[in-house]
Amino acid sequence: MFAPCAGGVNSYVFGIMQNSFIASSPYDPVGWHGTTILCVRRGPCVAMAGDGQVTLGSTVIKGNARKVRRIGPSGSILAGFAGATADAFTLLERLEAKLERYPNQLERACVELAKDWRTDRYLRRLEAMMAVADAEHSYTLTGNGDVLEPEDGVIAIGSGGNYALSAARALLGVEGMGAEEIVRRSMQIAGDICVYTNHAVRVETLETRAATGDV
């Protein structure tokens, strides 16, 4: 039986609701302290950015972590992660293995990884999310088995993801602004708002199919 909080009934109810909210889903952005990943696809370019802050509780452990990487043949795929570092690297290794099995099929590789992530007892314990992009598609991968492709070409994950997402969608309405500039400005805004996100932003870019002329 739960004991009432010192603040009375209201504090007791709020405490129960707060605990339930935090525990409701391991993929709630509130839990992803220390990370913001943003990916924007526009015109001839897709850009992915990640901040450098690593947080343990209320302490900043590191300010220049690298959370966005190039994987796949010739670095043709961008991958960013939010969550536990060891878990994220495990998932990156698994994704690279899937890409070797299904070359030039990012969607298939992501779906196969999501299936394993959802059903494998070991992988189900991994606490991370991923954003991946190649010259044609962008996806968000979660431990729920989701492989999500955005309608507007914008993906954001992590504790500051909603701030970066809102800024990026607004900046998409500005003519003449490219994908890289959008992610840099959006990450700046996210860093100004989210205490778990800093301004040590690393950006990686790829040419899209529109730029290369491939069909």
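The values are calculated or read from the model by the stated rules, or taken from the named source; none is laboratory data. Since the structure is predicted, the reported quantities are computational estimates derived from the model, not experimental observations. Neighbour counts run over all protein chains shown; Cβ positions are idealised from the backbone, glycine included.
Of all residues in the range 132-152, none satisfies being part of a helix (DSSP H, G or I) and at pLDDT 95 or above. For the range 160-198, the candidate set comprises residues that are crowded, with 22+ Cβ neighbours inside 10 Å and among the β-branched types (Val, Ile, Thr); within that set, the residue that is farthest from ALA82 (Cα to Cα) is ILE182. Filtered by the rule that a residue be surrounded by fewer than 24 Cβ atoms within 10 Å (Cβ to Cβ) and either closer than 21 Å to THR90 by Cβ or not assigned by TED's automatic domain parsing to the domain that holds ALA79 (or both), the range 140-158 gives THR140, THR142, GLY143, ASN144, GLY145, ASP146, VAL147, LEU148. Inside the range 83-93, residues that are in contact with a Leu (Cβ under 9 Å, 6 or more places away or on another chain) and farther than 13 Å from VAL132 by Cα make up a count of 5. Can we say TYR163 is touching a Pro at 6+ places or on another chain (Cβ under 9 Å), assigned by TED's automatic domain parsing to the domain that holds LEU91, at pLDDT 95 or above and under 19 Å from ILE37 (Cβ atoms)? Criteria not met by TYR163. Taken over the range 171-207, the residue count meeting the criterion of being without any contact (Cβ under 8 Å) to a residue 40 or more places away in the chain, in a helix (DSSP H, G or I) and within 23 Å of ALA135 (Cα to Cα) is 3.
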